[in-house]
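Shown next, in structure tokens, is the structure this report addresses.
The values are calculated or read from the model by the stated rules, or taken from the named source; none is laboratory data. Note that the structure is a prediction, hence the values are computed from the model and not measured. Don't worry about glycine lacking a Cβ; one is built from the backbone with ideal geometry, like all the others, and counts go over all protein chains shown. Note: areas computed on protein heavy atoms with side chains; ligands, DNA, RNA excluded. Shrake-Rupley method; radii C 1.70, N 1.55, O 1.52, S 1.80 Å.
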Amino acid sequence: MDATAACHHCGEPLPQVPERVRLDGIERAFCCSGCAAAAQWIRDARLGDYYRLRSEPAARVGTELPDMAVWDREDLIAGHARDIDGGREITVLTDGMRCAACAWLIDRALSQDPAVREVTANAVTGRIRIAWDPARAPLSKLLSRLAALGYRPFLATGEARERERRRERNRAVIRIGLAGLGAMQAMMFAEALYLDTSGQMPLPTRDFFRWITFLVSTPVVFWAGWPFIAGALREIRLRRLGMDTLVAGSTLLAYFASVWGTVTGAEHVWYDAAVMFVFLLLVARQLEQRARGIASAQVDALARARPAFATRERGDGSRESIPLAQLQAGDIAWVAVGEPVPADGELLDADAWFEEALLTGESSAVHKHAGAPVFAGTACREHPARLRVTRVGSDTRLAQLARLVEQAQAHRPALARGAERVASWFVAGLLLAAVAVYAWWRVHDPDRAFEVVLALLVVSCPCALSLAVPAALATAHGALARIGVLAVRPEALERLAQATDVVFDKTGTLGDGQPRLLSVDALRGLAERDALRIAAALERDSSHPLRTAFADVDDAPVAAGVRAVAGLGVEGDVDGVHWRLGQAAFATGGEDDGAIWLGNDQGAQARFVVAEGERPDARVALEALRGLGLRLHLSSGDGARAVQAFAARMGIAEPLSRQSPEDKLAYARRLQAQGRVVAMVGDGLNDAPVLAGADVSLAIGDGTALAQRAADLVIGGSLRQLPAAITVAGRTRRIIRQNLAWALGYNLLALPLAAAGLVTPWLAALGMALSSLLVTVNALRLARVEHARKATREVRA
């Protein structure tokens, strides 16, 4: 985008009449008065370096800032703030921090207030920790400054959990720092001993260096290296050999052998190998944790989408701020511009705009009209909105997505379990090989036997093999989450990468899910209006998209005993008469003509012609899938005439119509019998069986809950994400193969070299750690979602 056509502060497109402010002699254009005010404050506070340092634009401030007074209510922040010496401390989340310069700006902007004792902003996690003196300024004043700069605060996950998170992070940093310092010191003293090749160093000097190295190495091995020792003890209790067993065993072997050599005056010690091993493995493990954090960051994003408070409208039209837990179904909620929607509901205003990027991956705001569903976690744009709450708490789509993310992170696919089993057997084999190598060297060169075996154990540690799959999968989950796709099943990515055919449903998947009523033909003396009322009554509580065709009928009676017949229609009693609505064969016993029929025991009573439009992104998404070499199919429960016309527009040959759930599943089985790997994309009740039976299945995020439970992946709501997800899956499979090839190749090469005595223990530690680092860094390449975003952009074009 041309920089001159974008807001100087947030980078969003400028309106026709932008705000203009002269800053440091240069006239700047802004999208709103909020961004202009933020830029002026930054200049007046002499923090203008922010614009020079930043790598990403700031978040849009907006014209209506939220009322922060509710943050001063103790009942709302209980469990999130804690007392400290001289004040209180709280951790908040914000989704506006785009780069390190944002963290720099927040630190300095808040630190200018004399009430602030300490502030720490983390651009990676989006967390801001604030310690302040409530006697000098309320929390609302500080958070109002944040909001005025475009960083809207949200409650984090609770004070206790935040404190534990900080403790773990700080402990990991201190462990790495101590191990790094100890490794440098140990290597420095070891170098002095190594350089004494002629043995001329006086024994007291040599022993002095060894005892100093002992003092340096002991805290590194037993404190910095405690995670490996604790892991080994756990593996021993479970009677399972693993990476920690080998790491801790090799480290302790080198350490105690060195202690013995120091006490007895032996020729060699290996303190340097022990501390190098610990330091390099800690660094590799920290990188792995970062890869996992990329995926878990989506949980934080979902937490940020949950507002701390809700604004409820009273019966007299006045408003009150309440804790989110007090909001109930049936309440009227008021959402300010820029604020997240507190619960799922139905829009009451004539129209409103909502940003649904977190749920669907769609970056632009979505225009909604009265009666449209609005979901928790979406952000209100343009002007405030009112909605009637329908679902709260754990019933909202946002909460369901959070559970899906957590389940996806907890899954361990078969490939990862297989790699762990191989690593376990490898450790057992390596221990046997170490015994054989020690015996051979003991016979031929006893002085080098221990050193060679130590190098063998260290250099061949299967760390890279154990990390090869989990690191790649964790990073891939994070990359998918950022484009609006959630992998629910452990094998989803692997199977998606292997897909050769994609089978689509029509209604609500390639179609927009908004059937429009084109004509009504009432028969047998039934009035047209009565036919519409009966059809609307039967469809009122249905989740099928056909209900929208009768949504404008406002005087529909109440139907009793309504039952949906998958793939055929719906039936129930209206005013004491049993009615059926759906396919001709189901509703009237006649032949299918593609229309929707209404019938009862007297026969056909009305005929409805409906038409469904296509999703705006359907055609280009299908083109992108064809570009990936996939074969496309359409299997729909709709009539033949409508399905064929729709397939012709989509460029799909040989579509299947009037398909029941069993027919769809049988079609997928026929493709599988031909050796094809079938991916099924659907959204409705009829799609659940075939979603469960396909090789890999994807449910549209705005579809039914049953379809989502049966699917392997959930797409946020836009078909643009499908080719992007397949691209990420393919890259993930390639990177896993690269990691496994490197890990196996490295061990096959390193083991004979170490057994031959060509590798020293410290060099073995360096080689082993570098192999683990290489695997992790290679996996982190998936975190850069340029390929996925490029695929998405190509679909948009």
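Residue-wise HN-Hα couplings along segment 671-682, as the Karplus relation 6.51 cos²θ - 1.76 cosθ + 1.60 with θ = phi - 60° gives them from phi, are 5, 5, 5, 7, x, 7, 9, 9, 10, 10, 10, x Hz; Gly and Pro carry x. The figure for Phe208 is an accessible area of roughly 120 square angstrom, using a 1.4 Å probe on the protein chains alone.
The mean of 1/r over all pairs of different alpha-carbon atoms in segment 716-755, once inverted, gives a Kirkwood hydrodynamic radius of 12.4 Å.
The distance from the alpha carbon centre of segment 451-516 to that of segment 569-640 is 35 Å, rounded to a whole number. The H on the amide N of Asp512, modeled in the peptide plane, is under 5 Å from the matching H of Gly613, Glu614, Arg615, each at least 5 residues off or on a different chain. Between Arg448 and Val173, the simple label model (points 7 Å from Cα in the Cβ direction) yields a spacing of 4.5 nm. Each residue of segment 736-748 was assigned a 3J(HN,Hα) from its phi angle through the Karplus expression (A = 6.51, B = -1.76, C = 1.60, θ = phi - 60°), giving 4, 5, 4, 5, 5, 5, 5, 4, 5, x, 4, 5, 5 Hz with x at Gly and Pro. Taking θ as phi - 60° and the Karplus parameters 6.51, -1.76 and 1.60, the scalar couplings of segment 435-442 work out to 5, 5, 5, 4, 4, 5, 5, 5 Hz in sequence order, x denoting glycine and proline.
Considering only Val485, Leu518, Ala497, and ranking their Cα positions along the charge dipole of segment 477-526 that arises from unit charges at the beta-carbon of Lys, Arg, Asp and Glu, the one farthest toward the positive end is Leu518. Rounded, prolate or oblate: which one fits segment 508-559, using the alpha carbon gyration tensor with axes a ≥ b ≥ c (rounded when a/c is under 1.5, else prolate when a/b beats b/c, else oblate)? Note, shape of segment 508-559 comes out oblate. Placing unit charges on the Cβ atoms of the charged side chains and taking the dipole of segment 522-634 about its Cα centre, the candidate lying farthest along the positive direction among Leu632, Val610, Leu598 is Leu632. Among the GluC sites (Glu not before Pro) in segment 450-544, those placed in a DSSP loop whose Cβ has at most 16 other Cβ atoms within 10 Å are Glu491. Non-local amide H neighbours of Asp695 (under 5 Å, H modeled in plane, Pro and chain starts lacking H): which ones? Under 5 Å from the amide H of Asp695: Val678.
Per the Debye calculation on segment 421-512 with a single equal scatterer at every Cα and no solvent contribution, log₁₀ I(q)/I(0) for q = 0.18, 0.24 Å⁻¹ amounts to -0.91, -1.18. Annotation: amide H-H contacts under 5 Å for Thr390 (H modelled 1.01 Å from N, sequence separation of 5 or more, or interchain): Gly330, Asp344, Gly345, Glu346. Shape call for segment 480-585 from the C-alpha gyration tensor, a ≥ b ≥ c root eigenvalues: rounded (a/c under 1.5), prolate (a/b greater than b/c) or oblate? Taking the square roots of the gyration eigenvalues as a ≥ b ≥ c, segment 480-585 is prolate.
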